[in-house]
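One structure is given below, encoded as structure tokens.
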Amino acid sequence: MRTDSSPGNLPAREHLPAGSAGTPVLDVVIPVYNEEKDLQPCVVRLHEHLKRTFPYAFRITVADNASTDTTPQVAARLESEIPEVRSFRLEQKGRGRALRTVWSASDAPILAYMDVDLSTDLNALLPLVAPLISGHSDLAIGSRLARSSRVVRGAKREFISRTYNLILRGSLQARFSDAQCGFKAIRRDVAQVLLPLIEDTGWFFDTEMLVLAERAGLRIHEVPVDWVDDPNSTVHIVKTATDDLKGVWRVGRALATGSLPLDRLARPFGDDPRDRDLTDVPKGLARQLVGFCVVGALSTLFYLLLYSGFRSFSGSQIANALALLVSAVANTAANRRLTFGVRGRGSAVRHQAQGLVVFGIGLALTSGSLAALNAATSSPAHSTELAVLIAANLAATVLRFLLFRAWVFPDRRDETAASTVVASHNPASPTYGTTTAAHHQHQHQHPHQQHPHTPLPQRPNATAPQAPYINYDHNQTNEFRAGEAADRTWGDATMQLQAVRPHDHDPRDTRDAR
């Protein structure tokens, strides 16, 4: 898995800053491979829809994945005829590679993509990107599996899609409903940090992006879509399914070992209700209790099995000590990762040492209970020993949770509150800056030093100059590294959402099931 360095933690969500009046707000990428017949109808239809219904400046980028037919010529002709269209040529195949390359180089604050067959109804495009513009969400996906979605496709593809999403839920604990729908969007600031962590360059790119974003705590917005299957799709189902399963195994292993630096995607939410100081409500207590109880129940079963095995060749005290020692090491490791969310190998030895101290207290309780039982009767039944041990372990479990929470895995966020880095706008620069809390307070005390917000740029006229983008000279090869555009800046401005007429509708959006 990728562990490249990234720009750092994301700023707090807000209405997106926008650049100059010519900078597009939305960049829709259409990855294509040998789509000479479908490309022009797709781009023309998408352009007319955006021009009529989307209230902000936009761009359509055709990302050619090493096509061998006349697709590059069709894309170049569309670029010359339509001002909002750009074309980009890659010499290697891979939808993920195309999206990473174009998204990394784009200057638009909202990045989206859709399949060239336009299987998804375009009326879902504005609902897809609106939560990203407003700052409500970080990513947005179209879902064909939502209850209110309207989908026309064969039983074979329906079965494959639902089976794949069930695999994701069972193996990677994914909570999003549809990973494969070719209709997604992401905020550019999120993409800058997330893209360097994604390894896949093919069809699994979408799934890997969503799993990492969800595990990092980013907000994913789902939009029910109307979707019509394309029977002429050139996707190789068997090869794609095989590659996807390999990707699931790779990502699952990386998540289990903690090798992914997902903490880089943490957001310092300024308005997150979980950040509010509430008296007598310990942070994360309910979730930790649930995790601790699950781990504790499994540990108790493991302990009883070990005790029964050790008891067959040793005395009760020795069997209890050995079973408790082995289960305590496993219990500490499981609680460290699952209950208290500590990842990586840092301080693992110290945590195990502290866990052994807690184990000693539990050993004293259980051993004392056994000693009391042996004092009461000379030869207690095995079932009686187990009952006494269960009662003693329940008492030890309560004490173990309190010690784990307060001593072994304490919440140290309050200790670093004084040095918390917050996101702010630097009056001397149009880019996001990170300042200390003291400097942030100084900015509030001197509001006259801040630049006023300018309105969101509207869609330029056909004669207006276009914003600088990528050098699309087809006579030379342009190469971009993922995350290369991370140092680009935006103007210090705030998007103000404008009303869109609810009756805007394209009569030609009625689709035929080719």
Quickly work out the V294-to-I160 label distance, labels modelled 7 Å from Cα along the C-beta direction, and quote it in nm with one decimal.
-> 3.2 nm
Among the lysines, select those whose C-alpha is under 29 Å from the C-alpha of K184, and discard any that sit fewer than 8 residues away in the same chain.
-> K37, K51, K93, K156, K239, K246
Roughly speaking, what is the stretch gain from F313 to E91, that is 0.36 nm per residue apart minus the C-alpha to C-alpha distance, in nm to one decimal?
-> 73.1 nm
Ignoring everything but the protein chains, give the 1.4 Å probe accessible area of Y164 in square angstrom, nearest 10.
-> 20 Å²
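Roughly speaking, to the nearest percent, how much of the range 138-206's 1.4 Å accessible area is carbon and sulfur? Don't jump to the answer; show the numbers that get you there.
On the way: 1480 of 2710 Å².
Taking all protein chains in place, the range 138-206 shows 54 percent carbon and sulfur surface.
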Cβ-placed point charges (K, R +1; D, E -1), dipole of the range 67-187 about Cα centre in debye, nearest 20 | 640 debye
Taking the range 100-191 as the region of interest, what is the percent of Cα-Cα pairs per 5 angstrom bin, listed from the shortest bin to the one with the maximum distance?
-> 2, 12, 20, 22, 20, 14, 7, 2, 0
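Accessible area, 1.4 Å probe, largest first: how do C293, C181 sort?
Working: C293 85, C181 0 Å².
From most exposed to least exposed: C293, C181.
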Which FRET efficiency value, to the nearest 0.05, is calculated for L402 and A66 with the Förster distance at 56 angstrom and r the Cβ-Cβ distance?
-> 0.40
Can you figure out the FRET efficiency of V44 with E199, using R₀ = 35 Å and their beta-carbon distance, to the nearest 0.05?
-> 0.50
Using the Cα gyration tensor of the range 97-145, with a ≥ b ≥ c the square roots of its eigenvalues, what is the shape: rounded (a/c below 1.5), prolate (a/b larger than b/c) or oblate (neither)?
-> oblate
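Once the Cβ-Cβ distance between R77 and K246 is put in as r, and R0 is 41 Å, what FRET efficiency do you end up with, to the nearest 0.05?
On the way: r = 38 Å, r/R0 = 0.94.
So the FRET efficiency works out to roughly 0.60.
Determine the gain in length on full extension of the stretch T384-R345; use 0.36 nm per residue of separation and subtract their C-alpha separation, reporting nm with one decimal. Present the calculation step by step, with values, prior to reporting the outcome.
Working: separation 39, 0.36 × 39 = 14.04 nm, distance 4.06 nm.
Full extension from T384 to R345 adds 10.0 nm.
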Expressed in µm² per second, the diffusion coefficient of the range 47-152 from the Stokes-Einstein equation, with Rh the Kirkwood radius over alpha carbon pairs, at 25 °C and 0.890 mPa s, is 158 µm²/s
Using a/c under 1.5 as the rounded threshold, could you call the range 127-178 rounded, prolate or oblate? The axes a ≥ b ≥ c are square roots of the C-alpha gyration tensor eigenvalues, and prolate needs a/b larger than b/c, oblate otherwise.
-> oblate
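The values are calculated or read from the model by the stated rules, or taken from the named source; none is laboratory data. Source: prediction; values computed, not measured. So basically every Cβ, Gly included, is an ideal-geometry build from the backbone, and we count neighbours across all protein chains shown. Areas reflect the complete protein model, heavy atoms only, side chains present, ligands, DNA and RNA absent. Shrake-Rupley method; radii C 1.70, N 1.55, O 1.52, S 1.80 Å.
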